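*Asks:* Input: one structure, supplied below.
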Amino acid sequence: MTAATIDLTRARLIPARNGVAARLDAGETVTIVNTHGKQVVDTWAFNARDTGEFMSMEHSRASMLRLVPRVGDTLTTNRRRAILTLVADTTAGNPRHLDRGLRHPPLSPARRRRPS
């Protein structure tokens, strides 16, 4: 099964030490739930048109001015452009346990320019 054929309209259990890839369009939402334990759920996001651009917590933290994202925060790429927005968090602020809804924001034409 390829990322293009994954059905995001139903719940999917991903066993420990496994992964799944899916393409999100601007405005689509994915919910990530850690069903047991307190281990962090690793999450990556790439620009589908240029996989050299990817979500960067280093750049996101500098943009947010904090270590742990809060609801409403936008996660940014290594090119300092929005890639995901945290729209829900039921972890009571515990960054070691994720149950978060992430939304892919639309990229405005002004934000599509290449960094100098």
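*Asks:* Just to be sure, is Gly72 at pLDDT 85 or above, touching a His at 6+ places or on another chain (Cβ under 8 Å) and of a type in the set (Gly, Ala, Ser)? Please lay out each step first, then the result.
*Replies:* On the way: at pLDDT 85 or above: yes; touching a His at 6+ places or on another chain (Cβ under 8 Å): no; of a type in the set (Gly, Ala, Ser): yes.
Considered against the rule, which asks whether it is at pLDDT 85 or above, touching a His at 6+ places or on another chain (Cβ under 8 Å) and of a type in the set (Gly, Ala, Ser), Gly72 comes out as no.
*Asks:* Would you mention how many residues in region 39-62 are more than 9 Å from Ile83 (Cβ to Cβ), surrounded by fewer than 17 Cβ atoms within 10 Å (Cβ to Cβ) and touching a strand residue (DSSP E or B) at 6+ places or on another chain (Cβ under 9 Å)?
*Replies:* Adding up the residues that qualify gives 6.
*Asks:* Let me ask something else. Run Asp50 past the list (1) at pLDDT 90 or above; (2) within 11 Å of the chain's Cα centre (by Cα) and report the number of the one that doesn't hold.
*Replies:* For Asp50, the exception is condition (2).
*Asks:* Taking the criterion of being basic (Lys, Arg), surrounded by 15 or more Cβ atoms within 10 Å (Cβ to Cβ) and modelled with pLDDT under 80, would at least one residue in region 89-111 satisfy it? Lay out the reasoning, then the answer.
*Replies:* Applying the first criterion (basic (Lys, Arg)) to region 89-111 yields 96, 100, 103, 111.
Then keep just the ones that are surrounded by 15 or more Cβ atoms within 10 Å (Cβ to Cβ); that gives 100, 103.
Within this subset, residues satisfying the condition of being modelled with pLDDT under 80 are 100, 103.
Yes, region 89-111 contains at least one residue that is basic (Lys, Arg), surrounded by 15 or more Cβ atoms within 10 Å (Cβ to Cβ) and modelled with pLDDT under 80.
*Asks:* Kindly indicate the residue of region 63-88 that is basic (Lys, Arg) and surrounded by fewer than 18 Cβ atoms within 10 Å (Cβ to Cβ) and also farthest from Leu24 (Cα to Cα) among those meeting that condition.
*Replies:* Applying the first criterion (basic (Lys, Arg)) to region 63-88 yields 66, 70, 79-81.
Within this subset, residues satisfying the condition of being surrounded by fewer than 18 Cβ atoms within 10 Å (Cβ to Cβ) are 66, 70, 80.
Details: Arg66: 26, Arg70: 21, Arg80: 19 Å.
Result: Arg66.
*Asks:* Does region 9-63 hold any residues that are in contact (Cβ under 8 Å) with a residue 40 or more places away in the chain, in a loop (DSSP other than H, G, I, E, B), of a type in the set (S, T, N, Q) and under 18 Å from Ala88 (Cα atoms), and which are they?
*Replies:* Asn34, Thr43
The values are calculated or read from the model by the stated rules, or taken from the named source; none is laboratory data. Note that the structure is predicted; figures quoted are calculated from it, not measured. Cβ sites come from the backbone with ideal geometry, for glycine too, and all protein chains shown count toward neighbours.
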